[in-house]
Amino acid sequence: MVAKPRVHEIAFELGVDSKVALATLKEMGEFVKGPSSSIQPPVARKLRARLEAMGYDGTSRIGLGSSASRGAELTARLPASLPELADLFRARAIGHQPVRALLRVAAESENLFYVPSSGASAIEHGSRVAATLDLDELPAPVGLAVICGAPGRRYPPQWLLWWEATEQSLAVARAQLEMHEDSGETNEPQLRFDPVVRDDLRSDNGSFQIGAAPAAQLLAGLVAAIPVEPPRGGAAGTRRRNSPAEPKVEDDTQIVYLRRAATSSGRPESSADAVRRQTQWTVRGHWRNQWYPSEDDHRRIWIDQHTAGAADGPTVSRRKVFVIRPRAEV
């Protein structure tokens with residue numbers, strides 16, 4: 001059964017005041033009580049078409065509607081709450097359809113990244129100097145990141161960044177997350193998005209020219225901010241490595257510090273490895289530096305998410321958030 005949208009949701013989606021949407025409905029011969037009223041899908045399609053013909057396209061609008069207060073609550077508990085926040089984006093985001101669709105794809109990937117305010121300067125520097133962005137430099141081909149700005153305000157600004165990349169295309173969008181006090185009786189903070197900026201880049205070989213594309217620049221800054229480990233020998237690649245030795249666990253979320261390793265090598269088996277042999281677990285998507293003997297060279301390839309471990313063992317499941325911050329602070 002197709003859900004019936006509310007008038008205020010369509011108004012927000014197209015960047016128009018609800019009063020304009022109500023007046024337009026009246027002109028169409030459709031009478032509703034107010035902005036919270038639901039309308040039938042055929043009426044919603046006609047309303048969108050009429051408003052778009054009037055010049056309202058909403059290309060820079062996206063939000064959480066009635067879930068804005070829940071978004072604020074989760075944002076206050078980052079990074080542990082990032083999986084829940086991604087679920088909220090996936091289920092409750094409203095706004096311009098192409099931007100919303102990209103956000104949902106990124107949230108569903110569960111490739112979730114968080115940059116605390118201590119990494120703001122590294123992000124800013126990286127976004128200024130980068131000229132290109134390569135597919136195999138990304139922490140994941142599809143992902144979502146929250147990047148914290150400099151502290152000092154009651155609600156410090158945060159960037160939401162999400163992307164999807166292939167060898168031929170890169171779609172990346174950014175929006176500034178802001179907390180605002182609710183003007184109603186509760187005075188609860190509301191999570192709002194500044195206008196979204198989306199960039200769509202093309203390439204023949206997975207290397208994208210950034211130019212003046214602001215969302216792509218922010219993604220390049222994120223890539224540049226990933227700390228680099230000293231070489232250890234072996235195959236190169238991006239390593240998601242815990243620091244300290246054991247990962248930090250908050251509730252059902254595992255916080256893992258992300259590293260880009262120039263080289264890697266085998267390591268001795270630990271007691272954790274012995275436990276893993278008796279269980280099943282989900283291996284998140286990751287880059288592998290695959291050796292190709294015929295080419296006498298390594299090539300980075302993306303390994304999709306899959307299940308590993310004992311076929312008859314119990315499943316161990318925990319969602320992860322990958323934290324990117326300066327090496328000196330880890």
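Derivation of every value follows stated rules applied to the coordinates shown; laboratory data play no part. What you are looking at is a predicted structure, and each value in this text was computed from that prediction instead of being measured. When we count neighbours, we look across all protein chains shown, and the Cβ atoms used for this are built from the backbone with ideal geometry, even at glycine.
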The simple spin-label model distance between GLN40 and SER207, using points 7 Å out along Cα→Cβ, in nm, is 5.7 nm
Distribution output for region 7-53: share of Cα-Cα pairs per 10 Å bin in percent, first bin at 0, values 30, 68, 3
Scattering profile of region 62-225 from the Debye formula, Cα beads only, expressed as log10 I(q)/I(0) at q = 0.10, 0.16, 0.19 Å⁻¹, is -0.34, -0.87, -1.21
Checking rank on 304-311, 130-137, with mean other Cβ inside 10 Å and highest first, the result is 130-137, 304-311
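What is the fewest-to-most order of ILE303, ILE147, ILE226, ILE255 by other Cβ atoms lying within 10 Å of their Cβ?
Ordered from fewest to most neighbouring Cβ atoms within 10 Å, ILE303, ILE147, ILE226, ILE255 come out as ILE303, ILE255, ILE226, ILE147.
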Whole-Hz Karplus couplings 3J(HN,Hα) for region 157-165, θ = phi - 60° and coefficients 6.51, -1.76, 1.60, Gly and Pro as x, run x, 9, 9, 9, 10, 9, 7, 8, 10
Full extension between GLU167 and ALA308 adds, at 0.36 nm per residue less the Cα distance, a length in nm of 48.0 nm
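Classify region 81-176 from the C-alpha gyration tensor, please: rounded if a/c falls under 1.5, else prolate or oblate depending on whether a/b exceeds b/c.
On the way: a/c = 1.83, a/b = 1.08, b/c = 1.70.
Here region 81-176 falls in the oblate category.
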Cross-link reach from LYS46 to lysines, straight Cα distance under 26 Å and at least 8 residues apart if same chain, gives LYS4, LYS19, LYS26, LYS33
